[in-house]
Amino acid sequence: MSSSPATALEPTTVGVVLAMAVVTYATKAGGLWLVGRLELTERAETALEVLPGVIVVSIVAGELVEGGPEEWLGAAVVALVARKTERLPLALVAGIGTVVLLRGSV
């Protein structure tokens, strides 16, 4: 079975991707290991607990600023569903679905 050049994996590319995966995992595992050995203040613990939400907001904020009514309504749907159900994955799917439907992408 021969592979075409378009589907062939270059050893250098595979090596770089694997190295990046190892570094990414080591960074996360090292951070968890380090935090587990530190005595965190209550304020630091609170900051770490809300950090994932802050990251999501910072990513989405740019889209909302540059977006139009579809994105704004999608964000409102996310907020409403998240508040009513307390299930963020469901809220995100509902918001994305709203934007897709309003854009006529389906």
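Each reported figure results from applying straightforward, stated rules to the coordinates on display, with no laboratory input. These numbers come from a predicted model, not from an experiment. When we count neighbours, we look across all protein chains shown, and the Cβ atoms used for this are built from the backbone with ideal geometry, even at glycine.
Relative contact order of the chain: what whole-number percent is it, with Cα pairs under 8 angstrom and at least 6 residues apart? Can you show the working numbers first?
Working: 38 pairs, mean separation 17.1, N = 106.
Across the chain, relative contact order equals 16 percent.
Sorting 96, 59 on the 10 Å Cβ count, fewest up front, what's the list?
Details: 96 13, 59 9.
Arranged by neighbour count, lowest to highest, 96, 59 become 59, 96.
By the scheme Lys and Arg +1, Asp and Glu -1, what is the net charge of all other residues having a beta-carbon under 14 Å from that of residue 74?
Numbers: positive: 103; negative: 63, 66, 70, 71.
Charge balance in the 14 Å sphere: -3.
Would you indicate which of [x] 118; [y] 215; [z] 96 is the value of volume of the Cα convex hull per residue in Å³ derived from the coordinates of this structure?
Given [x] 118; [y] 215; [z] 96, the calculated one carries the label [y].
Let's see if you can work this out: charge +1 on each Lys and Arg Cβ, -1 on each Asp and Glu Cβ, no other charges. What is the dipole magnitude of the chain about its Cα centre, in debye to the nearest 20?
Details: 7 positive and 10 negative charges, 45 e Å.
Charge dipole, the chain, about its Cα centre: 220 debye, nearest 20.
Calculate for the chain the 222 nm mean residue ellipticity that helices alone would give, adding -39,500 (n - 2.57) per DSSP H run of length 4 or more and normalising by residue count, nearest 500 deg cm²/dmol.
-28000 deg cm²/dmol
Loop sites only, by DSSP: take the GluC sites (Glu not before Pro) in the chain that have at most 10 other C-beta atoms within 10 Å and name the longest stretch containing none of them. Don't skip to the answer; put the middle values down first.
Values: sites that count: 39, 86.
That would be 40-85.
Measuring from label point to label point, each 7 Å out along Cα→Cβ, what is the residue 84 to residue 19 span in nm?
That separation, rounded to one decimal, is 5.1 nm.
Given a 10 angstrom Cα cut-off, can you work out which residue in 16, 78, 50 is the most mobile in a GNM of the chain?
16
Which one of 41, 13, 24 has the biggest mean-square fluctuation once the chain is modelled by GNM with Cα springs under 10 Å?
Highest fluctuation of the listed residues: 13.
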